[in-house]
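Enquirer: The structure under discussion is supplied below as structure tokens; questions concerning it will follow.
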Amino acid sequence: MARRVLPGRAWAKAVTRRELGKLAGATAIAPLIWAAKARASQLPKLPRLSEAEALLLEPTDPRYARSQPAFNKRVILQPKLRAVCRTPAAVATLVDWARSNDLAFALRSGGHSFEGFSQSADVVIDTREMTGIAIDPASNRITVGAGTSLGAIYKFLAPRGLVLPAGSCPTVGISGHTLGGGYGLLARPLGLSSDSLLAIDLVDPEAKQITVGPADRPDLFWACRGGGGGTFGAATRYTFQVYRQQTILTFRYSWLLPAERALRLFKAWQAWSPKAPDPITASLIVGRSGKLCSLRCFGQSTGPRGHLMSEAKALLDVEAPARPPLVAEVPFIDAVNFFAGPHPDESTYSKGKSDIVERPLGDDGIAALLDGILTFPDGAAVAICDPYGGAISRVAGDATAFAHRGGSLYSIQYYTGWADPRLSDERLAAMRKLYASLRPYMTGAAYVNYCDLDLADWQTAYWGANLARLIRVKAAFDPDNVFRHAQGVPV
């Protein structure tokens, strides 16, 4: 998920991608609430479920609007039925009903899909009220409902001195995040969210409730760790290994530089961050401020302060920061709040794209990136560069469906957000132009959790050499393609 960084506490306000809409010259706006319009149902007879099991909400229901908003206004749809499930059995009933009546449906557990794959014009099976969390303190294993947010998990773990490696945006749902791999600021020391996954409870294409793990349907378990959400069943519960970590060292360094000096600093970051010691995750955000490039290196470390300060010289010896560095050792939950920002439920219009950088960018490639960002209005777009390596690279590329392991240096998320829908065509065109300018320097690999409907060969971009096995698993498990969306694994 995208973050932007500003000085002092203003930075803490502004870390999440949803804040970018404000930087585009827009004022803060409330989440979009779609008006419920009375109309004929056009649905077959609904299944008989009590409200303790599920809320079956049609647009005429006054409760419908409360479940409608999502992160990206650009892709919100108004389904004929939103089934807010409260039990795994209800999920199974809805899958069976939709399948039997040949109804298109989407699975929603959070609502942060860049391209709205958790949306449908017909039926949405919504698990966001399935939020129970339990822990086995002897083994430090937790089970979480499929609708649980990252923030809820962090709040549950923090008083126990435990952490789960996952993303920095607290309103992201655990399901889609984990199924796509699950990168976060603890990925280099502890791995991806999917690397800590021990088991998943699913509803399968025949509407049966099953448990998937390393010893039980291992091929399907392999596919669920990086194969993306919405393809291999409806998840109802996850089991994770969690880790002891009382405090986190957070840091931020920022520069305002002309393009030629920004290029040298980016080059230094690229040489250092993906190969830094495992405890350190040092991301870099490239933006625009006036005629200058804004570069902000931020992240966290599980190691000692002196170790971080010594390592950071790789950047500080190249360019002095524009303001005093911010380095603080804080409780884990304070680090979560620091990166989260104050408006976790805000909706805006947005477009994201990504690259997985597999070989260092040369001067021409870095210059193309900087020049492209500078074509946007101030603060309207960023490139967020997240280092890989560390524990991510110690897992073989074919050990899970997430393919971007030892041969990957870092990801780049290109992101723009705006509040005025009249800007949509302009921003989409500008983002596509920026992305096109980088094609000569990239291999085409991309992160499935930054889904992008513009990609022509998205299957190879997301899964690389793992695609063939994913297709075999999909064909064996779901030959009729009951679970499908525009960029799900094909049969």
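The values are calculated or read from the model by the stated rules, or taken from the named source; none is laboratory data. Please read these numbers as outputs of a predicted model, since none were measured by experiment. Ideal geometry is used to build each Cβ from the backbone, glycine not excepted, and the neighbour counts take in all protein chains shown.
Enquirer: Exactly one of (1) surrounded by fewer than 20 Cβ atoms within 10 Å (Cβ to Cβ); (2) at pLDDT below 95; (3) out of contact with any Pro (no Cβ under 6 Å at 6 or more places or on another chain) is unmet by Ala36. Its number?
Expert: Among (1) surrounded by fewer than 20 Cβ atoms within 10 Å (Cβ to Cβ); (2) at pLDDT below 95; (3) out of contact with any Pro (no Cβ under 6 Å at 6 or more places or on another chain), Ala36 violates only (3).
Enquirer: When you check Pro31 against the structure, is it modelled with pLDDT under 50 and in a loop (DSSP other than H, G, I, E, B), yes or no?
Expert: The answer is yes for Pro31.
Enquirer: Here's a check for you: in the range 355-392, which residue that is of a type in the set (Asp, Glu) and under 16 Å from the mean Cα position of the chain (by Cα) is farthest from Ala403 (Cα to Cα)?
Expert: Asp386
Enquirer: Which residues, taken from the range 58-87, are part of a loop (DSSP other than H, G, I, E, B) and either charged (D, E, K, R) or outside the structural domain of Ala106 (by TED's automatic domain parsing) (or both)?
Expert: Glu58, Asp61, Arg63, Lys80, Arg86
Enquirer: Let me ask another. How do the helices (runs of 4 or more DSSP H) wholly within the range 97-200 filter down when requiring 1 or more residues that are surrounded by fewer than 24 Cβ atoms within 10 Å (Cβ to Cβ), more than 19 Å from the chain's Cα centre (by Cα) and among the acidic types (Asp, Glu): which remain?
Expert: Numbers: elements: 150-157, 174-179, 187-190.
In the range 97-200, no matching helices (runs of 4 or more DSSP H) lie anywhere.
The rows are residues; the columns are (1) surrounded by fewer than 18 Cβ atoms within 10 Å (Cβ to Cβ); (2) within 22 Å of the chain's Cα centre (by Cα).
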position	(1), (2)
Ala207	no, no
Ala215	yes, no
Arg252	no, yes
Leu257	no, no
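Enquirer: Assess whether Arg469 counts as being of a type in the set (Lys, Arg), within 24 Å of Phe483 (Cα to Cα) and surrounded by 15 or more Cβ atoms within 10 Å (Cβ to Cβ). Quick ask: steps written out before the conclusion?
Expert: Details: of a type in the set (Lys, Arg): yes; within 24 Å of Phe483 (Cα to Cα): yes; surrounded by 15 or more Cβ atoms within 10 Å (Cβ to Cβ): yes.
It is true that Arg469 is of a type in the set (Lys, Arg), within 24 Å of Phe483 (Cα to Cα) and surrounded by 15 or more Cβ atoms within 10 Å (Cβ to Cβ).
Enquirer: Ok, one more. Within the range 327-348, is even one residue of a type in the set (Ser, Thr, Tyr), buried (at least 20 other Cβ atoms within 10 Å of the Cβ), modelled with pLDDT of 95 or more and touching a Gly at 6+ places or on another chain (Cβ under 7 Å)? Lay out the reasoning, then the answer.
Expert: As a first pass, look at the range 327-348 and keep what is of a type in the set (Ser, Thr, Tyr): 347-348.
Checking the rest, the ones that are also buried (at least 20 other Cβ atoms within 10 Å of the Cβ) come to 347-348.
Next cut, modelled with pLDDT of 95 or more only: none.
No, the conditions are met nowhere in the range 327-348.
One line per residue, one yes/no per condition, for (1) within 26 Å of Ala138 (Cα to Cα); (2) out of contact with any helix residue (DSSP H, G or I) (no Cβ under 6 Å at 6 or more places or on another chain); (3) assigned by TED's automatic domain parsing to the domain that holds Val336; (4) in contact (Cβ under 8 Å) with a residue 12 or more places away in the chain:
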| position | (1), (2), (3), (4) |
| --- | --- |
| Ile153 | yes, yes, no, yes |
| Tyr183 | no, yes, no, yes |
| Ser193 | yes, no, no, yes |
| Lys208 | no, yes, no, yes |
| Thr211 | yes, yes, no, yes |
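Enquirer: Has the range 112-121 got at least one residue that is among the hydrophobic types (A, V, I, L, M, F, W, C) and more than 24 Å from Phe232 (Cα to Cα)?
Expert: Within the range 112-121, not a single residue is among the hydrophobic types (A, V, I, L, M, F, W, C) and more than 24 Å from Phe232 (Cα to Cα).
Listed here are the residues, each with its yes/no results for (1) among the charged types (D, E, K, R); (2) surrounded by fewer than 18 Cβ atoms within 10 Å (Cβ to Cβ); (3) not assigned by TED's automatic domain parsing to the domain that holds Glu346.
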| residue | (1), (2), (3) |
| --- | --- |
| Ala399 | no, yes, no |
| Gly407 | no, yes, no |
| Tyr410 | no, no, no |
| Gln413 | no, no, no |
| Thr416 | no, no, no |
| Arg422 | yes, yes, no |
| Ala430 | no, no, no |
| Leu438 | no, no, no |
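Enquirer: Ser393: within 24 Å of Gly299 (Cβ to Cβ), out of contact with any Asp or Glu (no Cβ under 9 Å at 6 or more places or on another chain), surrounded by 17 or more Cβ atoms within 10 Å (Cβ to Cβ) and polar (S, T, N, Q), yes or no? Give the steps one after another, and end with the answer.
Expert: On the way: within 24 Å of Gly299 (Cβ to Cβ): yes; out of contact with any Asp or Glu (no Cβ under 9 Å at 6 or more places or on another chain): yes; surrounded by 17 or more Cβ atoms within 10 Å (Cβ to Cβ): yes; polar (S, T, N, Q): yes.
Taking the combined requirement at face value, the residue satisfies it.
Enquirer: Something else now. Give all pairs with beta carbons closer than 6 Å in which a residue from the range 469-490 that is outside the structural domain of Pro205 (by TED's automatic domain parsing) meets a residue that is of a type in the set (Phe, Trp, Tyr) and surrounded by 17 or more Cβ atoms within 10 Å (Cβ to Cβ); count only pairs at least 6 apart in sequence or on separate chains.
Expert: Cβ pairs passing all conditions: His485/Phe117; Gln487/Trp458.
Enquirer: Here are some residues: Ala207, Ala235, Ala199. Which one is at pLDDT 95 or above, out of contact with any strand residue (DSSP E or B) (no Cβ under 8 Å at 6 or more places or on another chain) and among the small types (Gly, Ala, Ser)? Steps first, please.
Expert: On the way: Ala235 fails: out of contact with any strand residue (DSSP E or B) (no Cβ under 8 Å at 6 or more places or on another chain); Ala199 fails: out of contact with any strand residue (DSSP E or B) (no Cβ under 8 Å at 6 or more places or on another chain).
Matching residue, one of Ala207, Ala235, Ala199: Ala207.
Enquirer: Just checking: which of the strands (runs of 3 or more DSSP E) contained wholly in the range 233-344 hold 2 or more residues that are in the same structural domain as Ala207 (by TED's automatic domain parsing) and within 30 Å of Ala476 (Cβ to Cβ)?
Expert: The qualifying strands (runs of 3 or more DSSP E) are 234-241.
Enquirer: Still on this structure, I have one more. What tally of residues in the range 407-446 results from selecting those that are in contact with a Lys or Arg (Cβ under 8 Å, 6 or more places away or on another chain) and part of a loop (DSSP other than H, G, I, E, B)?
Expert: Qualifying residue count for the region: 4.
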